[in-house]
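In what follows, a single structure is set out as structure tokens and then discussed.
The values are calculated or read from the model by the stated rules, or taken from the named source; none is laboratory data. Note that this is a predicted model, so its numbers are computed, not measured. Using ideal geometry, Cβ is built from the backbone for each residue, glycine included, and neighbour counts are taken over all protein chains shown. Accessible surface is based on the protein model in full, side chains and every heavy atom, while ligands, DNA and RNA are left aside. Shrake-Rupley method; radii C 1.70, N 1.55, O 1.52, S 1.80 Å.
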Amino acid sequence: MKYLYYPGCSLESTGKPYDVSVRTVFKLLGFELEEIADWNCCGATAYMSVKETVALSISARVLALAEKIGGEIIAPCSSCYTILSKTNRDLKANPELEELVKEALDAGGLTYNGTVSVRHPLDVLVNDIGIELITAKAVRSLHGLKTANYYGCQLVRPEKGFDDREFPTSMDNLFASLGAENVYFPAKVRCCGGMLMTTFTEVGLKLNHDILQRAKENAADVILTTCPMCHINLEGYQSEINKKFHTNFNMPIVYFTQLLGWALGAGMEEVGMELNLIPIEHRVVGGVVTR
Amino acid sequence: MMEGDRVAFKLSTPGVLPKSERKLREEFLSQLELVPGGEKIKSCIQCGTCTGSCPVSYVMDISPREVIARFRIGDIESILKSRTIWVCASCYACTTRCPSGIRITDILYAMKRTAIEEGIFPSRFPVYTMSEGFVKNVNRYGRNHEMGLLVSFYLRTSPLKLLKMLPLGWRLFKRKRISFTPMKIKRLDQIKSIVAKAESQVMPSEKASIMVASTVGYGSTTEVKQRAAGAAQGGAK
Ligand code: SF4
Ligand code: SF4
């Protein structure tokens, strides 16, 4: 079975560990990812606030390229996932806009008929491939590891998607079945602030401090993330947060696919673990799964 | 931290909007028409759930609930000048919880676009500078070059901050998580023609000549048009 892969701009640079681990996980589970050739930036939230038709046409190009190949898109970045899905929804909801976007695509020799669905890897893993098959293929147990499962905001909102908008559980179920302990984590859908870390740094630091604090006070070993934006905010700014709030966080921030890949038997480097800024190695015990 | 300045609201004759306000209102209402379900703004019950759910309301000068309240009393200007619309992180917490189904996040986007259209924001304003840099980046390469974007952003807003970013940059660089050269897509020409076409398009809301909203300024332009059409046919609607 094959999925179309849309890495998005972040996964080419700061989000590299996510890219590496997503590819590894799907390979280990026996699924093929075909990267959409010559994909472009989805437009992200920054674009959305400038001119709507331009933003929509840009993300519609990705959908059009995918439609030509045929299949479902997997978009690991929560922001890309949200934008591409929103484009699909907006075009369906507003025929006038759809007409304009069609015209714009036509100028580039493309067409889009609205048939491509956009999926997040967490959704595909839990709902298509299934926890049962994943646990059956796991070779390492996560027993003894306490995870704070952080979904962030854009993965589960605004529309009701594959999980609950206030209290999602798909990641919790996945990792619990692999042996990990899900700690109580009331910040699971709190916003990391996204670009605010750059545009209103003070606010960004505070939001991320609060998330780290919730994980730490519930004794998590690691925060699992699903989005490159959340990841870099929580990981890259920890020392600055420590300085500002007089804390001593040293919390590993790990993409959920990195830990999943490791449980499925991949080596640390195959899931890009050494690319993370805060090492997790000493915290994963990694007993062998006994059946 | 940020000064908690409140934007003063100027009183005018009750029920009658000043001309400048009416113009902003029209611009905003035409933006709002692009928001599916935008007209629901009228069913706000002022419960404050949005403000209570917002992770950044503590630094807003006008809370999300108050945005709607100010819209109602005809004070769009202060919303457009507020920090609120720029500090919103688009996390959709408010939209998810609003009991009246109001898409507050999208309303704030509409406000932002109105402010940009009208040029109402301080120069070199961080959020706008960021969006602008982002758009340029994507138009030039087809993809966003994270490092290029951040560097040009800091150079334009606060070069000192760029120095502060160096340690993080170095740590990421050592792990090959930063690229110095932008990734260019092959069919840049295609993107360019698509963008050029989209840029030249007239939005549905711009196409219909905007009618002056009623003096109290309620109702979307579509509604005003419909009412006008109804009146023209002699039917009392
Ligand atoms: S949550 Fe909805 S109804 Fe309540 S104040 Fe906010 S916008 Fe109005
Ligand atoms: S979308 Fe904006 S206004 Fe709404 S809760 Fe999030 S930050 Fe606040």
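Annotations for the structure displayed:
- One residue stands out in region B:103-123 among those that are basic (Lys, Arg) and within 19 Å of residue B:69 (Cβ to Cβ): the one that is nearest to ligand 1 (Cβ to nearest atom), namely B:103.
- Criterion (more than 23 Å from residue A:163 (Cβ to Cβ) and either open to solvent by less than 10 Å² (accessible area, probe 1.4 Å) or polar (S, T, N, Q) (or both)) met by exactly one of A:74, A:69, A:83, A:58: A:58
- Residues (open to solvent by 20 Å² or more (accessible area, probe 1.4 Å) and at negative phi) located in region A:101-117: A:102, A:103, A:106, A:107, A:111, A:113, A:115, A:117
Yes/no per residue for (1) of a type in the set (A, V, I, L, M); (2) surrounded by fewer than 20 Cβ atoms within 10 Å (Cβ to Cβ); (3) more than 15 Å from the chain's Cα centre (by Cα); (4) part of a helix (DSSP H, G or I):
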position	(1), (2), (3), (4)
B:40	no, yes, yes, yes
B:45	yes, yes, yes, no
B:50	no, no, yes, yes
B:62	yes, no, no, no
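- Selection of region B:42-62 for residues being within 26 Å of residue A:194 (Cα to Cα) and within 9 Å of ligand 1 (Cβ to nearest atom) yields B:48, B:49, B:50, B:51, B:52, B:53.
- Here region A:12-46 is the region considered, the condition is being of a type in the set (Gly, Ala, Ser) and within 26 Å of residue B:195 (Cβ to Cβ), and the residue that is most open to solvent (accessible area, probe 1.4 Å) is A:37.
- Selection of helices (runs of 4 or more DSSP H) fully inside region A:128-208 by the criterion of at least 1 residues being surrounded by fewer than 20 Cβ atoms within 10 Å (Cβ to Cβ) returns A:131-137, A:170-177.
- Subset of region B:80-102 [more than 21 Å from residue A:196 (Cα to Cα) and either more than 12 Å from ligand 2 (Cβ to nearest atom) or outside any helix (DSSP H, G or I) (or both)]: B:98, B:99, B:100, B:101, B:102
- Test: residue in region A:237-247 that is open to solvent by less than 10 Å² (accessible area, probe 1.4 Å) and under 20 Å from residue A:139 (Cβ atoms): no
- Members of region B:159-196 that are more than 7 Å from chain A (Cβ to nearest Cβ), open to solvent by 80 Å² or more (accessible area, probe 1.4 Å), under 30 Å from residue A:106 (Cα atoms) and in contact with a helix residue (DSSP H, G or I) (Cβ under 7 Å, 6 or more places away or on another chain): B:184
- Residue check, residue B:103 closer than 30 Å to residue A:7 by Cβ, at pLDDT below 75 and basic (Lys, Arg): no
- Exactly one residue among B:100, B:90 is of a type outside the set (D, E, K, R) and within 10 Å of ligand 1 (Cβ to nearest atom), and that residue is B:100.
- Residue list for region B:103-119, restricted to those being open to solvent by 20 Å² or more (accessible area, probe 1.4 Å), among the acidic types (Asp, Glu) and near ligand 2 (Cβ under 10 Å from one of its atoms): none
- Cβ-Cβ distances below 7 Å connect the following pairs, each with a first residue in region B:38-58 that is of a type in the set (Asp, Glu), a second residue that is more than 10 Å from ligand 2 (Cβ to nearest atom), and a separation of six or more residues or different chains: B:39/B:220.
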